[in-house]
Amino acid sequence: MDTFPPTSVEDVVQQPLKAQFEAFLDEHRAALYACLDGLSDEQARARLVPSETTLLGLVKHVTFVEKVWFDEALTRRSRAEIGIPATPGESFVLAESDTIATVRAAYRLACAESRAACAPLGIDDLVHGNRRGPLPLRWVYLHMLRELAQHCGHADILREQLSREG
């Protein structure tokens, strides 16, 4: 079973806008998933910058982000009902039980649930569970692309720092 759909962004150039967004989202999701490839749990937890940011924490955070935008915003369930932290900052905090395997499994599941939640929606359908008020799915996709791209850059820098230490 593939972790992420095998569609390449090159495959969707002539596809509808929603398919294009979804291919770009999955490309970035896969890159964040892959940032943990070949690492030990100790390396994945290493604090290489002054903030709390770690590679494992980044993947845990983007799991939170998936649930905020594709569960909370779509279903209007509270973060407590979903079982996620109240704030983005808390989503980086690692529990002792967090491992590469457990965090990756949670991320794969969150991404699959996000895809399923959006499947019946059109790109201009409104989601109503965000503090900004109703937003079109297109806006949510753009926001997620920005968020994922930013964190892919963070992951690249942290991987580079790890390779210098090793």
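The values are calculated or read from the model by the stated rules, or taken from the named source; none is laboratory data. No experiment lies behind these values; they were computed from the predicted model shown. With ideal geometry, Cβ positions are generated from the backbone for all residues, glycine too; neighbour counts draw on all protein chains shown. Accessible surface areas use protein heavy atoms only, side chains included; no ligands, DNA or RNA. Shrake-Rupley method; radii C 1.70, N 1.55, O 1.52, S 1.80 Å.
Over the chain, dividing the summed -39,500 (n - 2.57) contributions of all DSSP H runs of at least 4 residues by the number of residues returns a 222 nm mean residue ellipticity of -17500 deg cm²/dmol.
For the chain, modelled as a GNM whose springs connect Cα atoms under 10 angstrom apart, the maximal fluctuation among SER97, SER114, SER40 occurs at SER97. As a fraction of the 1.4 Å probe accessible area of the chain, surface on carbon and sulfur atoms comes out at 54 percent. Backbone N atoms of the range 83-108 closer than 15 Å to the 7 Å Cα→Cβ label point of THR3 belong to residues 99-108. Calculated accessible area for the range 57-96 comes out at 45 Å² per residue, all protein chains present (probe 1.4 Å; ligands, DNA, RNA ignored). Computed over the chain with a Gaussian network model linking Cα atoms closer than 10 Å, the most mobile of TYR107, TYR141, TYR33 is TYR141. Using the 1.4 Å probe convention, the accessible area of the range 123-166 works out to 59 Å² per residue with neighbouring protein chains retained. Dipole of the range 18-166 computed with +1 at Lys/Arg Cβ and -1 at Asp/Glu Cβ about the Cα centre; of SER51, CYS35, PHE24, farthest Cα towards the positive end is PHE24. Overall, the chain carries a charge dipole of about 480 debye about its Cα centre when +1 sits on the Cβ of Lys and Arg and -1 on the Cβ of Asp and Glu, all other atoms neutral. Seen through its C-alpha gyration tensor, with square-root eigenvalues sorted a ≥ b ≥ c, the range 17-105 comes out oblate because a/c lies at 1.5 or above while a/b is not bigger than b/c. Scanning the chain for DSSP H helices at least 30 Å long along the axis (C-alpha atoms) with a Kyte-Doolittle mean no lower than -1.0 picks out 137-165. Looking only at the range 43-82, which residues have a backbone nitrogen under 17 Å from a spot 7 Å from the Cα of THR99 in the C-beta direction? Counting backbone N atoms under 17 Å from the label point, the list is 43-46, 56-57, 60.
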